[in-house]
Structures are given as structure tokens and as C-alpha cells.
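Chemist: If you scroll down you'll find the structure; I have some questions about it.
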Amino acid sequence: MAKLKSFLKKILNILNVSIVRFYQNIPIRYKLLLVLNILLIITLLGISYINFKNSEISLTKKSTQYTQDILKLIEIRLNDYVHNLDLISQDLSLDERIRANTDLGLVPPDSLESYAEVSSLENLFRKVIFTRNEIQSIALITNKGECYPADMNNRVVSIKQLVPYKSEIYNTIIKSAREMKGLPVFVLDMEEGRAKNLFMARVVYDINSFDEIGLMLFLLRTEYLNTIIKDLVNEDTQNIIILTGSHDIIVERNTQASEEKMMLELDRIQGTKGWFLDDSQKNIISYIAMDKNPKWKIVSFVSLDSLYRDIDGLKEKIMISSIIIVLFMSMVSLLMTADFVRPFRKLISGMERVQKGDKEVSIELNRKDEIGYLGEAFNRMVKEMNTLSTWVYQEQLTRKEAELKALQSQINPHFLFNTLESINWMAQLNNFPEISDMVTALSSLMEASIGRGDKLITIKEELKYIDNYYLIMKKRFADRINLIKRVDDAALDVKIPKLLIQPLVENAVHHGIDNSMGRGCITVTATLSGSMLVIVVEDDGEGIDPDDLQIINENLAVDNETYFKRISTNKARSIGLENVNRRIKLFYGENYGLSIESKKMSYTRVIVTVPLDCPESLLQGRNA
């Protein structure tokens, strides 16, 4: 797998290089034509895509809203359907003939009285059946098992045959009816996921004692439900079904999708109202629950193919229009590129002549745009070439004179060193060793400050500079100054930037010892602490005021960028502690530098902590 990724990466790199090289090598007129066409095609595709998507979203929203309106209308009709059945069943359950027939068991079944009562009850039921097309049969089943049915005709199966007393379907119906406590309930007799028979039932109670006396049962015509939605079906909303809460189909109308896939999508129905996209069947599925019977849901299927049929036609028209626009713009681009390239060719030809030595070249473009400005600038450039050549020659002479002066200025330090060396020999010849020692020490310090030798030296070498400086200062302060050096042997060979400690000693002399009237002692300490080198220069002078000490430490902690911005606006630059502090930060990093501790009339301590290890590349850069 890794080899395949590496191979594909190499192929992509080769293709990228090839494409870039091809673009760089083709003439500018073809570049302009290519870029303009690519931009045009991308713009057209982008606009078309956005319009298509917006159209799809708009159509989907409008279709969904329209479908929801249709479903709401169907729901209203179904609510009326349920409400009418509720009123009919309520009127029948309160009819005196219903209560009388529940007492027929007390009368001989073959008696004239029994026959009259049964006929009266059947006539009551048939009167309702013949006036209501949605009702197939009505039956009264008493608690004692007597069933008194009435059917629309004799060619259909009777309720008495469909719902035998104490059968499974009867027990299901009576249980559901009792749970409703006198309100009507719809019960489905299902077969393979579809409603074979649709019943509406309600328990009948005695109006005096409120005891249960029987079950009022309606067998409803499922075909009638088709008439509710028939006139609302159109080309878009041609697939409509009515479901139970368990997704059993009560009635369906022109459902074209396969039942298995349709049921899988119906599992996504949640809540009482909504819609979602069925990508597998390319349908928009909308649904709504009934107010009167929330367990029933009305679901519609809208085909995306029929919905987007007009959009597909629009796509073809836009594609044809886009091709025509691209061809037309290509011709315009050719004319534009020719207008641009022709004057550029003249400019290139003039440049080639100048390159061959012709300095009297002049081109005529007769344009006032940017290309015309380039032509005028080219003509001015050619005219000024001779003058520029003269200026360059004079500049070279001036530069040589400056270089000679710079070489002469470098002679001054050497002259100073030679003079000091002559004074040294004269002091030795005339037996003045003190003068000789001071001149030698001064010469060594000047050599270090001017910059001879490496920029990185060992602490042992740095101590020599301190000794030379101490020798000179001792001649000035006599016995008032004393220098103590406490350096670990392991620290002697550690390399540090040159003149790192000596300026700190000099600062201690001028600000500590010089300001006091008595004797003073300066202590230089260098120790190793883990991977760090700790250098401390301490004097027992008059110390620093706490407020001044805080300001000094804050200035020392400033980063390099802020520091150099300050000195760029202030000509007075620090050459003491700040100089050493900045060199440490530049060399080792912003995390390192000086810190000062002091106590008034007691001591001042300057602390330097730097790492022992420095990257080799950094060392080479500092020594370069």
C-alpha cells in the first residue's frame, strides 16, 4: 500500500511539473485564451449548479408544502368520516330498541314478540346502512353471545361469520372497546400487512345502571376510503397510503414502490407531521397524523423524476447556451489576445536590437493605454542609456576612492598598536616596568575590543582581560580596590562570548568602588550548575536604590525587538550592562541575560546564567 501511494505521488508530481512547464512554454496569446475560457466555463458551471440546486430546493419545498396541504385536506375528510361514524354509533347505542334486544334472552326465541324485536333491530341497522355508503354491516353482540347483524346485501360475509363469539378477533375487539370506555375504537383484521377487514366498535352500557350490556360492531368498507382521496390524486401526488401506528396499510392508492423498500422507508416516520427524501426510490415522502385518530397516518409519495422533469429540460437548454457562449467568447478572446500580443512583439523586437548593441531604437505603438505607456517608457529608457552608462562609470570611480579611504582608516588601529609597542620598549629600556605593564595591559584590552581573534573565548582567556583591566585600575585606585576570583577548574575551559565578564567588572568599579570613599572588593565567581554556567560579579559598594533596581531589571528583561526599536528613536545607546545583556540574548536566546540583586549600602550582585551546550551551527555562525 505504501509503495502504491509513493508511486501515485510521483505520478502526480510529474503531471504537475508537466502542466506547469506546458503553461510556461506556450505563447501568451494562448495563455490568455486558455485562462479566459477556463474562467468562463467555471463561472457558467458554478452559476448553473447554483441555479439547479436553488431550483431543486425551491421545487422540493413547494412540492412538500403542496403535499402537506393535500394531506391536511385528506385528514379533514377522514376526521369527518370518523366523526360521523362516532355520531351514528352513539345514536344507535342510546336507542331504546338496542336495550330491549339485550333482554330477548328472557323471551322464547320462537315467540312472536322475539321476532318483532329482532326485525325492529335489523330495520334500524339497515336504515343506517342504506344511508351511509361507508358502512358494510352493523351487529349487536350481547354479553350472552347473541348476535343481531344487519348487512347491506346478502352476497357479502356477515359480521356473525367474521367475528364469532369468544373468537380471537372478537376478544381483540372487545378488549380494545373496553379500554376506550364507551368511545368508539377502530380495529383492523390484517392479512399480510394490509387491512382485510376494518371494524369500528364501542361498548354499549345500560342507560340506567351503566352496566355493560353488549358490543356495537360496524364492518366498514375500505373501498370507501379510496373515494376520500381519489379526487385529490394528481400527477405529482399519485401515491398515497393510510397507515396504522404499527405501519399496517389500511388503504393504498397507486403505490408504485416495492412493498419491502417502502416499509423500510416508512420506519423513518416520526412525529405527527413532516417529510424526508427517499433516495433509493427517488421519492419525497410526506406524512401527517389524524387529529381524531393519531395512530392513523396519511403518507404520500412524490416522484422526484416527475418533479425535476422540467429542470432536466432546463439543463439541456443551459448546456447548449453555454457551448454557444464559450464559442463566442473564444472568438472575442482571440481578438483581444491578438490586440495585446502585437504591440508586445514590437517591444520584444526593440529589446533584442538593444541587446545586440543598437542604442538608437525607437518603437511606435500609437496607443494611449498601459501598453502604450510601456512603449513610451521603453523609448525613454533607450534615450537615457548613454547618460546612465556615464553615471555608472563615475559611480565606480567614487566607489574605488571610498574603498581606498576605508583601507587607510584601517591603518589607524595598527599605527596605535605600533605606537604602544614603541612606548613599551622605551619603558623597558629606561627601566620603567610600571609604564611597561600598563601599556601592555592597555594594548591587550584594545586588541580584545577592536575585534582581533575569535568571538568565542574560554573563561581562562577572559580572566586575562580582567587581570589587565585590574592592573590599570589598581594604578589609579592604589590600595582602595581588591579583586577576588573564585572560578571552578571545570569552568575554565568553557567558551563564552569575548568581553562578557570584563564590562561587568568595569561597571562594578565605576558604580560601586568609585562612588564610595573607602576600600572596595570585587568578587568574580564562575561555577557549573548542571547544564548551566553561572557567573556572578559582586561588589561591596553603596548599592542601588530599590526603585532604580526595579527599573534596571525591567529594562534588562525587554526583548530584542523592543530594545532595538527604542534605540532607533534614541541616539544615546547603552555601552555598559545593557550592551552585555543584549549580546547574551542575541547569542543564547531571549530566555537568557543579566539579572541584578542589590542592597543599599551593602552590595550589588550581577548574575549571568547561560547554557554550557551551544549548537555547533550557532558556534560556527558566531565565530564566522
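The values are calculated or read from the model by the stated rules, or taken from the named source; none is laboratory data. Everything numeric here is computed off the predicted structure, so don't read it as measured data. Glycine gets a Cβ as well: all are built from the backbone with ideal geometry, and neighbour counts include every protein chain shown. Heads up: the accessible areas ignore ligands, DNA and RNA and are worked out on the full protein's heavy atoms, side chains in. Shrake-Rupley method; radii C 1.70, N 1.55, O 1.52, S 1.80 Å.
Chemist: How much length is gained if the chain between Glu191 and Glu96 is pulled fully straight, taking 0.36 nm per residue apart and subtracting their Cα-Cα distance, in nm to one decimal?
Modeler: In short, 30.5 nm is gained.
Chemist: Still on this structure, please answer the following. Where Lys and Arg each count +1 and Asp and Glu each count -1, what net charge lies around Ile522 among other residues with Cβ under 9 Å from its Cβ? Could the numbers behind the result be given before it?
Modeler: Working: positive: none; negative: Glu538, Asp539, Asp540.
Once all neighbours under 9 Å are counted, the net charge is -3.
Chemist: Can you give the FRET efficiency for Asp80 and Glu56, using 1/(1 + (r/R0)^6), R0 = 41 Å, r = Cβ-Cβ distance, to the nearest 0.05? Write out the running numbers ahead of the final one.
Modeler: Working: r = 36 Å, r/R0 = 0.88.
Computed FRET efficiency for Asp80 and Glu56: 0.70.
Chemist: Sticking with this structure for a sec: What does the charge count around Thr272 come to, taking other residues whose C-beta lies under 13 Å from its C-beta (Lys +1, Arg +1, Asp -1, Glu -1)?
Modeler: Combined, the nearby Lys, Arg, Asp and Glu give +3.
Chemist: Here is a follow-up. Could you put Asp539, Asp95, Asp339, Asp493 in order of accessible surface area, largest first, with the 1.4 Å probe and the full protein assembly present?
Modeler: Asp493, Asp339, Asp95, Asp539
Chemist: So what is the accessible area of region 133-187 per residue, in Å², with the probe set to 1.4 Å?
Modeler: Accessible area per residue: 53 Å².
Chemist: Would you please put 355-365, 139-149, 540-550 in order of how densely packed they are, using the mean number of other Cβ atoms within 10 angstrom per residue and starting with the highest? Working shown, then result.
Modeler: Values: 355-365: 11.3, 139-149: 18.9, 540-550: 16.1.
Averaged packing, sorted descending, gives the order 139-149, 540-550, 355-365.
Chemist: Packing-wise, with mean Cβ within 10 Å as the measure, how do 294-303, 116-125, 45-54 rank, highest first? Before the final figure, lay out the partial values.
Modeler: Numbers: 294-303: 20.8, 116-125: 16.1, 45-54: 12.0.
The packing order, highest mean first, is 294-303, 116-125, 45-54.
Chemist: Sticking with this structure for a sec: Can you list residues whose amide H is under 5 Å from Gly520's amide H, if they're 5+ apart or on another chain and H is modeled 1.01 Å from N?
Modeler: Close amide H contacts, sequence-distant or interchain: Ile481, Asn482.
Chemist: When Lys and Arg each count +1 and Asp and Glu each count -1, what net charge do the other residues less than 10 Å away from Glu360, Cβ to Cβ, add up to?
Modeler: Details: positive: Arg353, Lys359, Lys383; negative: Asp358.
Within the 10 Å Cβ shell, the charges total +2.
Chemist: Which value, in Å² and to the nearest 10, is the accessible area of His83 when all protein chains are kept and the probe is 1.4 Å?
Modeler: His83 exposes around 80 Å² with every protein chain in place.
Chemist: How would you rank 494-506, 65-77, highest first, on the average number of other Cβ atoms within 10 Å across their residues?
Modeler: Result, highest mean first: 494-506, 65-77.
Chemist: Right, another one. Cross-link list Lys127/Lys166; Lys53/Lys315; Lys160/Lys196: which exceed 19 angstrom alpha carbon to alpha carbon?
Modeler: As for pairs spanning more than 19 Å Cα to Cα, those are Lys127/Lys166.
Chemist: What distance in nm separates the simple spin-label points at Asp613 and Glu384, each placed 7 Å from Cα in the Cβ direction?
Modeler: Computed distance between label sites Asp613 and Glu384 equals 5.8 nm.
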